[in-house]
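Single-structure report; data block below.
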Amino acid sequence: MTFKEQILQGIPSELPSPHVYPKGINRAPKRKDILSKDEKQLAIRNALRYFPKEWHKKLAVEFAQELKDYGRIYMYRFKPTYDFYARPISEYPAQSQQAAAIMLMMQNNLNPAVAQHPEELITYGGNGAVFQNWAQYLLTMQYLATMTDEQTLNMYSGHPMGLFPSSKNAPRVVVTNGMMIPNYSKPDDWEKFNALGVTQYGQMTAGSFMYIGPQGIVHGTTITVMNAFRKILPKKENPSGKIFLTSGLGGMSGAQPKAGNIAGCITICAEVNQKAATKRHEQGWVDVLIDNMDDLVTRTKQARENDEVISIAYIGNIVNVWERFDEENIFIHVGSDQTSLHIPWTGGYYPVDISYEESNRLIREEPKLFKEKVEETLRRHAEAINKHTAKGTYFFDYGNAFLLEASRAGADVMANNQIDFKYKSYVQDILGPMCFDYGFGPFRWVCTSGKPEDLDKTDQIAMEVLQGIMENSPEEIQLQMQDNITWIKDAKKNKMVVGSQARILYADAEGRVKIANAFNDAVAKGEIGAVVLGRDHHDVSGTDSPYRETSNIYDGSQFTADMAIQNVIGDSFRGATWVSIHNGGGVGWGEVINGGFGMLLDGTQEAEARLKSMLFYDVNNGIARRSWARNEEALFAVKREMERTPTLKVTIPNLVEDDILANLF
Ligand SMILES: NC(=O)c1ccc[n+]([C@@H]2O[C@H](COP(=O)([O-])OP(=O)(O)OC[C@H]3O[C@@H](n4cnc5c(N)ncnc54)[C@H](O)[C@@H]3O)[C@@H](O)[C@H]2O)c1
């Protein structure tokens with residue numbers, strides 16, 4: 001059967017042969033055995049509803065075994081044998097080009113070169129699922145292949161509930177992932193309801209089909225590091241020869257040295273796991289590997305003297321580096337940490353003065369002692385950082401719960417008021433005020449032709465548009481504009497494309513609309529094939545997350561999720577091709593509500609109207625909320641936008657003088 005025929009048949013009419021697990025594929029960890037006997041029966045009953053009765057007896061036994069072996073029912077037998085990758089859009093069977101674009105994006109998220117656990121339909125983050133099982137995948141592709149532009153597919157946590165009549169202007173797909181009644185949103189609730197087959201963790205761009213590999217994280221980290229240096233350096237001084245000290249060369253943290261090189265500083269990144277460090281070195285993401293502290297000191301001093309731009313991986317514990325650099329009086333300009341402190345007791349953070357192997361033994365055999373060692377290390381870690389910050393180092397928390405866990409371990413990280421931390425997080429200090437509040441966020445696009453030449457052309461178009469905007473942009477956003485022009489100029493050189501022909505760029509509402517419009521024109525003229533637009537959920541308006549994306553909201557509303565919900569509803573009737581809203585992602589199940597969209601630019605006038613309406617709202621909704629929270633930069637941005645767009649009327653807060661409140665209570 002051809003690829004197209006296989007897509008069109010959905011669930012095959014004959015039972016496929018048992019699955020052969022490919023070798024060398026990274027498999028998802030075995031999940032918790034959390035269901036009672038009755039619940040296990042329910043999970044099997046739920047799974048069997050995808051299949052004809054005559055297969056039930058056989059599949060019931062097989063699925064029960066999967067539940068036992070893996071803690072979930074993935075229905076491996078139904079995984080198609082064709083290759084998974086973003087085929088050019090013309091290769092999908094479709095009556096709707098919009099639906100074909102969605103198939104392309106789904107296939108990209110399941111491409112083994114892109115996805116973390118492709119057999120289990122997990123794209124990233126350990127649990128970021130596109131679907132819960134292979135039956136959902138097969139049915140969804142069939143629906144997409146047969147639907148028209150007058151129908152909408154509803155997807156409930158990977159399950160295609162069905163096609164409903166709608167209209168040309170409606171989204172083709174509406175995705176919800178992990179949406180729970182709020183009281184059922186604790187971590188074990190995910191384990192239980194996911195095992196039952198009724199919900200899934202979509203992370204951010206996994207369950208919304210908008211993942212583009214490591215490029216997204218490299219760009220975000222570059223923006224963060226660049227702006228961190230800006231906060232501390234005199235205007236126009238560049239970061240070469242200045243030190244950024246951090247740790248972690250894992251999944252996301254591995255982007256730090258590459259980002260440091262693009263930002264143009266000296267990056268020193270400690271990593272206890274030699275394999276992780278070597279892998280990043282082999283990939284060319286870090287320039288030099290050093291496993292000896294004396295050598296690290298010598299090489300660092302040399303890099304300082306020569307004003308170098310270099311990234312160094314130190315194989316060892318980060319605490320030793322902070323302490324030794326203090327003794328050596330090596331000045332650290334910017335410091336952070338990206339160990340996995342969101343999971344401190346199971347190997348996310350390794351204690352100092354104990355070998356990596358011994359630590360792993362302690363985790364398994366003496367977890368209580370391991371915990372004590374981690375806490376001791378966190379106290380030492382914070383003490384060493386405090387010594388450096390007393391000398392002028394700028395330290396920020398990288399959203400990895402470093403300050404939270406350090407405070408729980410009794411480290412000296414609390415501010416004088418004993419409520420806040422001594423140091424701010426990257427969103428509070430950098431991304432929030434410098435990017436999100438002005439509307440800058442991780443806009444992205446994918447060339448559906450699959451041709452690298454198309455991506456080159458879009459890079460060129462985007463750069464010219466940004467240069468044009470920059471000529472008339474106010475002082476407040478000149479730097480952000482310049483960063484993105486520099487990024488897009490070098491984007492190809494950075495060789496970050498894995499999977500689909502995709503690009504990321506931080507742009508504000510004006511930039512996003514103008515770039516998208518120029519792409520649509522180029523599609524209309526036949527210069528490039530159709531383009532899919534989207535963004536990370538980690539953005540201005542899409543995500544409510546009190547300890548990350550909305551951590552720089554200080555009016556109490558950081559614990560509400562109205563913005564993310566308003567956003568997904570607003571995007572859906574302004575022209576998105578698909579919309580998604582998720583519980584969980586990054587910081588955890590129950591801790592964040594985040595949403596995103598995808599939009600096909602097919603060169604039509606309808607696409608032009610849609611992009612103008614939706615992209616404008618998709619950014620300005622968040623700016624309005626941020627300005628209502630009294631954020632200065634957002635107030636600036638929203639007032640500026642209201643001057644340009646008379647139909648935008650946002651409620652502006654009146655600011656109260658502190659002394660009026662001082663003696664009230
Ligand atoms: N980059 C971002 O934009 C971003 C944003 C938000 C949150 N985060 C957070 O950053 C953390 C890291 O994410 P990841 O995907 O890289 O995790 P990961 O577990 O893949 O990598 C962390 C690395 O830190 C190393 N490590 C642990 N303790 C160490 C120590 N004491 N000294 C030196 N190295 C040590 C580990 O060996 C591991 O390789 C997570 O908590 C994540 O939520 C990152």
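The values are calculated or read from the model by the stated rules, or taken from the named source; none is laboratory data. On a predicted model such as this, the values are computed, not experimentally measured, just so you know. No Cβ is skipped: glycine too gets one built from the backbone with ideal geometry, and neighbour counts run over all protein chains shown. Side chains are part of the model used for accessible areas, which takes the heavy atoms of the whole protein and leaves out ligands, DNA and RNA. Shrake-Rupley method; radii C 1.70, N 1.55, O 1.52, S 1.80 Å.
Structure above, values below:
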| item | result |
| --- | --- |
| Failed condition for ILE528, given (1) closer than 25 Å to ASP571 by Cα; (2) in contact (Cβ under 8 Å) with a residue 40 or more places away in the chain | (1) |
| Complete set of residues in region 372-400 that are closer than 15 Å to PRO344 by Cα and more than 14 Å from the ligand (Cβ to nearest atom) | GLU372 |
| Residue match in region 344-361 (condition: at positive phi and touching a residue at least 12 places away in the same chain (Cβ under 8 Å)) | yes |
| Elements of type helices (runs of 4 or more DSSP H) in region 551-665, at least 2 residues being farther than 23 Å from CYS435 by Cβ | 562-572, 605-628, 658-662 |
| Cβ-Cβ under 7 Å pairs, at least 6 apart or on other chains, region 402-430 side under 17 Å from GLN338 (Cβ atoms), far side within 16 Å of the ligand (Cβ to nearest atom) and open to solvent by 60 Å² or more (accessible area, probe 1.4 Å) | LEU403/PHE421; VAL413/PHE421 |
| Positions within region 235-257 being at pLDDT 95 or above and closer than 22 Å to ILE485 by Cα, in sequence order | PRO239, SER240, GLN256, PRO257 |
| Region 613-625: number of residues that are more than 17 Å from GLY556 (Cα to Cα) and touching a Ser or Thr at 6+ places or on another chain (Cβ under 7 Å) | 3 |
| Members of region 214-268 found to be in a strand (DSSP E or B), within 12 Å of the ligand (Cβ to nearest atom) and more than 20 Å from GLY586 (Cα to Cα), listed by number | LEU245, ILE268 |
| Selection within region 318-355 - closer than 21 Å to PRO187 by Cα and more than 8 Å from the ligand (Cβ to nearest atom) | PRO344, TRP345, THR346 |
| Residues located in region 532-550, provided they are more than 18 Å from VAL513 (Cβ to Cβ) and either away from the ligand (no atom under 16 Å from the Cβ) or open to solvent by less than 10 Å² (accessible area, probe 1.4 Å) (or both) | HIS537, THR543, ASP544, SER545, GLU549, THR550 |
| Selected residue (criterion: modelled with the lowest pLDDT) from residues of region 626-664 that are of a type outside the set (Val, Ile, Thr), more than 22 Å from SER557 (Cα to Cα) and open to solvent by 100 Å² or more (accessible area, probe 1.4 Å) | ASN663 |
| Among residues of region 481-509, those that are surrounded by fewer than 20 Cβ atoms within 10 Å (Cβ to Cβ) and more than 20 Å from ALA263 (Cα to Cα), counted | 1 |
| Enumerated helices (runs of 4 or more DSSP H) restricted to region 282-397, each holding at least 1 residues that are touching a strand residue (DSSP E or B) at 6+ places or on another chain (Cβ under 9 Å) and open to solvent by less than 10 Å² (accessible area, probe 1.4 Å) | 293-305, 318-327, 367-391 |
| Cross-chain or 6+ apart pairs with Cβ under 9 Å, region 268-282 first and farther than 18 Å from MET293 by Cβ, then more than 9 Å from the ligand (Cβ to nearest atom) and among the aromatic types (Phe, Trp, Tyr) | LYS279/TRP285 |
| Residue that is most open to solvent (accessible area, probe 1.4 Å), among those in region 451-480 that are touching a Gly at 6+ places or on another chain (Cβ under 8 Å) and in contact (Cβ under 8 Å) with a residue 60 or more places away in the chain | LYS451 |
| Residues of region 401-431 satisfying the condition of being part of a helix (DSSP H, G or I), within 13 Å of the ligand (Cβ to nearest atom) and under 30 Å from GLN478 (Cβ atoms) | TYR426, VAL427, GLN428, ILE430, LEU431 |
| Residue tally, condition over 22 Å from GLY251 (Cα atoms), in a loop (DSSP other than H, G, I, E, B) and touching a residue at least 40 places away in the same chain (Cβ under 8 Å), over region 23-47 | 3 |
| Yes/no for ALA206 being touching a strand residue (DSSP E or B) at 6+ places or on another chain (Cβ under 8 Å), modelled with pLDDT of 95 or more and either away from the ligand (no atom under 14 Å from the Cβ) or in a loop (DSSP other than H, G, I, E, B) (or both) | yes |
| Residue within region 448-463 that is under 30 Å from ALA629 (Cα atoms) and not in a loop (DSSP other than H, G, I, E, B) present | no |
| Given (1) part of a helix (DSSP H, G or I); (2) of a type outside the set (Val, Ile, Thr); (3) closer than 30 Å to VAL309 by Cβ, index of the condition TRP190 fails | (3) |
| Candidates VAL579, VAL638, VAL587, filtered to the one that is within 16 Å of the ligand (Cβ to nearest atom) and either in contact with a Ser or Thr (Cβ under 7 Å, 6 or more places away or on another chain) or at negative phi (or both) | VAL587 |
| Of the criteria (1) within 14 Å of the ligand (Cβ to nearest atom); (2) at pLDDT 95 or above, which one ILE310 fails | (1) |
| Criterion (touching an Asp or Glu at 6+ places or on another chain (Cβ under 7 Å) and either more than 16 Å from the ligand (Cβ to nearest atom) or more than 27 Å from GLY207 (Cβ to Cβ) (or both)) met by exactly one of ALA561, ALA524 | ALA561 |
